[in-house]
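K.L.:
First the structure, then my questions, so here it is.
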Amino acid sequence: MKKFREAKMERLLISPDRIPEWIPGTTTLDSSGCNWNGITLKGYRYERQDAAIPPMRDYMIVAYDGAPTTMRRTSGGPWQSARVEKGRISLLTRAEESTWSWSEPITVRHVYLSHSELENAALSVFDRDPKSIEINDWLSAKDPCILNCIQLLENELKNGGIGQRLIIDALRSQIAVHLLRQYAKVSLTSDANSNFSPAQRQRIIDLVESCLGENLSLEDMAASIGFSQFHFSRQFKAEFGLAPYAYVLRKRISKAQEMLRKGNAPLKVVALDCGFADQSHFSRTFRKMTGATPAEFRRMA
């Protein structure tokens, strides 16, 4: 039920492409058509206005490029104000309504970073699954690291070239880690109760045994006992001595050996029943793990 509520809320949040419905302006940059996973760069020229910002899907970083002006912000409480200018940034959190106001025209670049990318970065930084990540709005900050990343993103948008995907991935990760270091409050799940209970362990074994002929995913295995994929993978290897994929593969080969000993089913049927895409893949894997081809194993059995 919790996941259903979270998914429903996520659908109600506003994507970067819809922001102009609330903040009208002239678009100067737009990476929406570049398929940059988890990060979007946009540029705008705005006249003076009061902008009611809706609950956004992503975190938004605003880099100012024009003359100094006073920026004001409220999220229902007292107004805050600060001077912003070229070399300064503002940070807007996700899923929260706020109102921003400025009295002179401004030129800005926006970077939108998805929550999932921030969570992925937290996994790498803390080696733990984040229970929650909170980033509050920042009205004005001097942040050369973020500004440098935004400039590199703009260069890639305008010039592109070989290896762009790798560069974008690196910049996205750098921005996410920097936000975690400088602006985020991260609550981590406890490792104290991360061991599989006997019932959970048996449920995993039963699931694998019953799905050897199917495309069993890590997500399916973790969900069967209510673990995150991150925690499940780490704990599975600690308890079973193998990564989940390696464990499933070994079970498939064991089932194939049993079928080869007991019957004369065609090798193609054995391959499909044990979850292999085709007979060729089955034969290669079987030989690698047992030292014999399926046909040789059957003759010796």
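Coordinate-derived values only; no laboratory data. Not measured: the values here are computed from a predicted model. Don't worry about glycine lacking a Cβ; one is built from the backbone with ideal geometry, like all the others, and counts go over all protein chains shown.
K.L.:
Among the aspartates and glutamates, select those whose C-alpha is under 15 Å from the C-alpha of Lys251, and discard any that sit fewer than 8 residues away in the same chain.
P.N.:
By straight Cα distance, Lys251 reaches Asp206, Glu209, Glu214, Asp273.
K.L.:
Determine the sum of side-chain charges near Gly275: Lys and Arg each +1, Asp and Glu each -1, restricted to other residues whose C-beta is under 10 angstrom from that of Gly275. Mind showing how you got there, number by number?
P.N.:
Numbers: positive: Lys251, Arg252, Lys255; negative: Glu214, Asp273.
Once positives and negatives cancel, what remains is +1.
K.L.:
Hey, another quick one. Using only Cα atoms, tell me the angle between helix 2-12 and the longest principal axis of the chain; keep it within 0 to 90° and round to the nearest 10.
P.N.:
On a 0 to 90 degree scale, this one is about 40.
K.L.:
Which whole-Hz ³J(HN,Hα) couplings does the range 105-110 yield from phi under the Karplus relation 6.51 cos²θ - 1.76 cosθ + 1.60, θ = phi - 60°, glycine and proline marked x?
P.N.:
Per residue, the Karplus-derived 3J(HN,Hα) values read x, 9, 10, 9, 10, 10 Hz.
K.L.:
Of the listed pairs Lys237/Lys288; Lys158/Lys185; Lys86/Lys158; Lys268/Lys288, which have alpha-carbon separations greater than 24 Å here?
P.N.:
Details: Lys237/Lys288 21 Å; Lys158/Lys185 34 Å; Lys86/Lys158 20 Å; Lys268/Lys288 18 Å.
Over 24 Å Cα-Cα: Lys158/Lys185.
K.L.:
What order do you get for 238-247, 251-260 when each peptide is scored by the mean count of other beta carbon atoms within 10 Å, highest first? Could you put the intermediate results ahead of the total?
P.N.:
Numbers: 238-247: 14.1, 251-260: 18.9.
By packing density, highest mean first, the sequence is 251-260, 238-247.
K.L.:
On to the next question. Based on the mean of other Cβ atoms within 10 Å per residue, sort peptides 280-290, 195-205 so the most packed one is first. Intermediate values should be presented prior to the final figure.
P.N.:
Values: 280-290: 15.5, 195-205: 13.5.
Peptide ranking by packing, descending: 280-290, 195-205.
K.L.:
Rounded to the nearest Å, what's the spacing between the alpha carbon centres of the range 234-265 and the range 84-162? Just the number, please.
P.N.:
Measuring centre to centre over Cα atoms gives 45 Å.
K.L.:
Each residue of the range 84-95 in order: what ³J(HN,Hα) in whole Hz does its phi give by Karplus 6.51 cos²θ - 1.76 cosθ + 1.60, θ = phi - 60°, with x for Gly and Pro?
P.N.:
Computed from phi, the couplings for the range 84-95 are 10, 6, 4, x, 10, 10, 10, 10, 10, 6, 8, 6 Hz.
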